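The values are calculated or read from the model by the stated rules, or taken from the named source; none is laboratory data. Keep in mind that what you see is a predicted model, and the values were worked out from it rather than measured. Here the Cβ positions follow ideal geometry from the backbone for every residue, glycine too, while neighbour counts run over all protein chains shown. SASA here: full protein model, heavy atoms, side chains in, ligands and nucleic acids out. Shrake-Rupley method; radii C 1.70, N 1.55, O 1.52, S 1.80 Å.
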Amino acid sequence: MPSDIHGILLLDKPLGLSSAGAVARVKRLFNARKAGHTGSLDPLASGLLPICFGEATKFGAQLLDADKTYRVRIRLGERTPSADRESEVIERRDLPPYSLQQIESALNSFPRQYAQVPPMHSALKQEGKPLYSYARLGLTRERAARALVIHDMRLLDWQAPDLSFDVCCTKGTYIRVLAEDLAAQLGTIAHLTELKRLGVAPFGAEPQWPFEALESMSPTQRQDVLLSVDAALTTWRRLDLSAGGVNAFRQGQTISIPVEPPGTVRIYAAGLGFLGLGEIEAAGRLVPRRLISSVLFQRPRIPA
C-alpha cells in the first residue's frame, strides 16, 4: 500500500524521460501516495526536476514561478523546424570566423528585458489544440510575445560551430527560441543540441539525485535525501506564532499579531514546526493562505 511521504526530492532527470514519466518512476521507487513535479523538463533535456511529495505539493507553485538556470549547447549555422534535435536540419549556412570576443559580446549585449515569441513546436494551446499539432500540419499561428527577464548569460566554450553557455532566466523561457534569437543577433541561424537544468530557485547548490543512486539506497536512505516541506519557501521571511494563536491559525482564522511589515510569511510554532503560509495585512492581521493539513516533523535542513 502506498505511504504518506512528505518532502521534496531534487531529482537529476536523465535524457529521454518525460517529466510525467520521472514522477511515475519516483512514486514507485518511494512507494509514495502523492507526488508531482514543479515544472516540466522536456525528454531531450536533463537535470534538476524538483519533485514534491505529500504536503509539499501544496507549495509547488512557488517552484513553478521560480527563476531557472540552464547549461546550454547550441550549434550555429544550422536550423531545424523545432529549434532542437527533435527534427532534422532543414537549413545550413556558412559561418563567419567569429572571434571569442564577438561571441562574448553577443551574450553580454543580449536583451535582459526580453520579449520572446513562443515556438510553434510547444504545448501552448490555441482553440483547444497545442501549437505543435498545428506545426505538424505545416501551419503557423500568431503568438503573442511574452515578457521575460534574462538575469545572466555566461560563456563556457566556443568551438565553432558549437557554443556553450549558462543562462539564468525567469519562468517560461524557451531556451531553443533563445538560441535562435541569439544566433539572429550574430547574423546566423542555430538550434539547441544540449540542455541541462542546473537550478530552480532556491535550489541549485544542493545534491541532485539520479535514479541510479536512488535505486541503490535502502528505503530509509531514500527518505533521508528528501528536503523538508518548507525547503522551497526560504525567499519569504519567517514568523513564529505564539501558542495562543496556533489553533486559530490552523483552523484558517485571521488572527491578530504584533505589527509587522505586510507581505507573505512562512509560519512556524514552537514544538510544531512549519504550519503553512500566511499574509500579513495592515494593522497587525495575519490571514492564513496555504496550510499543511497535519503537523509534520521538520528536520532542521534549512536556515531559519
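Reported to two decimal places, what Rg/Rh ratio describes region 87-215 when computed on Cα atoms with Rh from the Kirkwood expression? Kindly include the intermediate steps, with their values, before the conclusion.
Numbers: Rg = 16.9 Å, Rh = 16.9 Å.
Computed over Cα atoms, the ratio is 1.00.
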Can you compute the modelled spin-label distance between E86 and E215, with each label point 7 Å from Cα toward Cβ, in nm? 2.6 nm
Volume per residue (Å³) of the convex hull spanned by the alpha carbons of the chain is 170 Å³
Note, region 87-96: 3J(HN,Hα) by Karplus (6.51, -1.76, 1.60, θ = phi - 60°), whole Hz, Gly/Pro = x, goes 10, 7, 5, 10, 8, 10, 9, 5, 8, x
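With Cβ to Cβ distances under 14 Å as the rule, what net charge do the other residues near D240 carry (K, R +1; D, E -1)?
Numbers: positive: R237, R238, R266; negative: D230, E260.
Summing Lys/Arg as +1 and Asp/Glu as -1 gives +1.
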Can you work out the Karplus-derived ³J(HN,Hα) for every residue in region 224-232? Use 6.51 cos²θ - 1.76 cosθ + 1.60 with θ = phi - 60°, whole Hz, and x for glycine or proline. 6, 7, 6, 7, 5, 4, 8, 5, 8
Below 27 Å, Cα to Cα, which lysines can K58 reach? Residues fewer than 8 away in the same chain don't count. K13, K27, K34, K68, K125, K171, K196
Between 0 and 90°, nearest 10: helix 175-185 axis offset from the chain longest Cα axis: 40 degrees
Would you tally the net charge around S40, using a Cβ to Cβ cut-off of less than 11 Å, leaving S40 out, and scoring K and R as +1, D and E as -1? +1
Listed peptides 264-271, 15-22 by packing density, highest first (mean Cβ within 10 Å): 264-271, 15-22
Run the accessible area of region 214-288 with a 1.4 Å probe and give the carbon-and-sulfur part as a rounded percent. 51 percent
Consider all pairwise Cα distances in region 151-304 and report the whole-number % of them above 29 Å. 45 percent
May I ask for the angle, rounded to the nearest 10°, between helix 100-109 and the longest principal axis of the chain, with both axes built from Cα atoms and the value confined to 0 to 90°? 50 degrees
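Leaving out ligands, DNA and RNA, what percent of the accessible area of region 44-166 is carbon and sulfur, probe 1.4 Å?
It is 48 percent, rounded to a whole number.
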Please list 3J(HN,Hα) in residue order for region 17-34, calculated via the Karplus relation 6.51 cos²θ - 1.76 cosθ + 1.60 where θ = phi - 60°; whole Hz, with x for glycine and proline. 10, 6, 5, 5, x, 5, 5, 4, 5, 5, 4, 5, 5, 8, 6, 8, 6, 9
Mean shadow area (nm²) of the C-alpha convex hull around region 147-234 is 8.2 nm²
